[in-house]
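**Student:** Pasting a structure below so you can have a look.
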Amino acid sequence: MNNTFAAMLAELNKGAVQADLGDKLTAAVAAVKMHGGKAKLKFTLTIKRVNDDALELSANSVVQVPIAPVKAAIFYADAEGRLSRDHPNQVDLPFPVIRTVTTPHATAAQA
């Protein structure tokens, strides 16, 4: 009879719990390497007495991983609450649209 924690974990739900923990650990390590910060992998094992001889074991795991930071942006709200990137008191200046013209470049062989 093998009563180690690792052996019990391998048998719990036919190995699915152990596989899930492995996948979550891999995801946590990858996220920390990519984004920095820290990750947490929490494992809960619930043990419940069924009768004088039997115990019921169930497991749950949750992983928290760092995510890429999202850059903040400045918006302005008008009187109705609509958002705009333009300041409401800023006057629009009537700049003309400049048309871009592309010309072919001469190569050294053509010159």
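**Student:** Taking 0.36 nm per residue of separation and subtracting the Cα-Cα distance, what length does fully extending LEU55 through ASN89 add?
**Tutor:** Working it through step by step, the gained length comes to 5.2 nm.
**Student:** Ok, one more. Within 10 Å, count the other beta carbons around each residue, average over each peptide in 34-41, 79-86, and list them highest first.
**Tutor:** 34-41, 79-86
**Student:** Can you tell me how the chain classifies by the Cα gyration tensor, rounded, prolate or oblate, using a/c under 1.5 as the rounded cut?
**Tutor:** Oblate shape, in that a/c is at least 1.5 and b/c is the bigger or equal ratio.
**Student:** Over the chain, what is the relative contact order in whole percent, taking alpha-carbon pairs under 8 Å and six or more residues apart?
**Tutor:** Computed value for the chain: 16 percent relative contact order.
**Student:** Which shape class, rounded, prolate or oblate, goes with the stretch 55-103 when its Cα gyration tensor gives a ≥ b ≥ c as root eigenvalues, a/c under 1.5 marks rounded, and past that a/b bigger than b/c marks prolate?
**Tutor:** Oblate, because a/c is 1.5 or more while a/b does not exceed b/c.
**Student:** Under 16 Å Cα to Cα from LYS42, which lysines show up? Leave out anything in the same chain fewer than 8 places away.
**Tutor:** LYS24
**Student:** Can you pull the one-decimal nm distance between simple spin-label points at ASN3 and THR46, each 7 Å off the Cα toward Cβ?
**Tutor:** 2.5
**Student:** I'd like the Karplus ³J(HN,Hα) series for the stretch 65-72: coefficients 6.51, -1.76, 1.60, θ = phi - 60°, whole numbers in Hz, and an x wherever there's a Gly or Pro.
**Tutor:** 3J(HN,Hα) across the stretch 65-72, in whole Hz: 10, x, 10, 5, x, 9, 5, 7.
**Student:** Right, something else. Tell me the angle of helix 16-35 to the major Cα principal axis of the chain, expressed in degrees between 0 and 90 and rounded to the nearest ten.
**Tutor:** Here the helix axis deviates by roughly 30 degrees.
**Student:** Where a ≥ b ≥ c are the square roots of the eigenvalues of the C-alpha gyration tensor, would you call the stretch 5-64 rounded, which needs a/c under 1.5, or, failing that, prolate if a/b is larger than b/c, or oblate?
**Tutor:** prolate
None of the figures in this text is laboratory data; all of them are computed from the coordinates on show. Computed from a predicted structure; not experimentally measured. Quick reminder, even Gly has a Cβ in these numbers, built from the backbone with ideal geometry, and neighbours come from all protein chains shown.
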